[in-house]
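**Student:** This structure is in structure tokens; I'll ask about it shortly.
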Amino acid sequence: MEEFRAIYEAAFARPEAQLALLELAELAQERPTALLCFCANGAKCHRSRIAQALEDKGFRCVEIDPAAGA
């Protein structure tokens, strides 16, 4: 898992990834927005890193877990 995180962090730091994050932040300011993928566990998924970056920008992120009823 640590190898995956290191690879993802390197990709996340690239200028095009940061531009995509800014575009996502603009969309999220305009309307409710969801990050979707096939990973069942958000804590082990790249979307948790994206959510953290959005939270660092002042957004509130909520993990929706159908198995937990929320």
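The values are calculated or read from the model by the stated rules, or taken from the named source; none is laboratory data. In this text the structure is predicted, and so the values were computed from the model without any measurement. Here the Cβ is made from the backbone with ideal geometry for all residues, glycine too, and neighbour counts use every protein chain on show. For the accessible areas, the whole protein counts, side chains as well, though only heavy atoms, and no ligand, DNA or RNA atoms are used. Shrake-Rupley method; radii C 1.70, N 1.55, O 1.52, S 1.80 Å.
**Student:** Could you please give the count of residues in the range 60-70 that are surrounded by 12 or more Cβ atoms within 10 Å (Cβ to Cβ) and either under 16 Å from Gln18 (Cα atoms) or of a type in the set (Asp, Glu) (or both)? Please lay out each step first, then the result.
**Tutor:** Initial filter on the range 60-70 (surrounded by 12 or more Cβ atoms within 10 Å (Cβ to Cβ)): 61, 63.
Then keep just the ones that are either under 16 Å from Gln18 (Cα atoms) or of a type in the set (Asp, Glu) (or both); that gives 63.
So the count comes out to 1.
**Student:** Could you grab me the full set of residues in the range 28-70 that are under 25 Å from Ala10 (Cβ atoms), over 10 Å from the mean Cα position of the chain (by Cα) and not in a loop (DSSP other than H, G, I, E, B)?
**Tutor:** Correct list: Ala28, Ala43, Lys44, Asp56.
**Student:** Filter the range 26-45 down to residues that are modelled with pLDDT of 90 or more and either touching a strand residue (DSSP E or B) at 6+ places or on another chain (Cβ under 7 Å) or among the polar types (S, T, N, Q) (or both) and give me whichever is surrounded by the fewest Cβ atoms within 10 Å (Cβ to Cβ).
**Tutor:** Going through the qualifying residues, I end up with Gln29.
**Student:** May I ask you to list pairs of residues, at least six apart or on different chains, whose Cβ atoms are under 9 Å apart, with the first in the range 10-25 being open to solvent by less than 70 Å² (accessible area, probe 1.4 Å) and the second being not in a helix (DSSP H, G or I)?
**Tutor:** Leu21/Lys57; Leu24/Thr33; Leu24/Leu35; Ala25/Lys57; Ala25/Phe59
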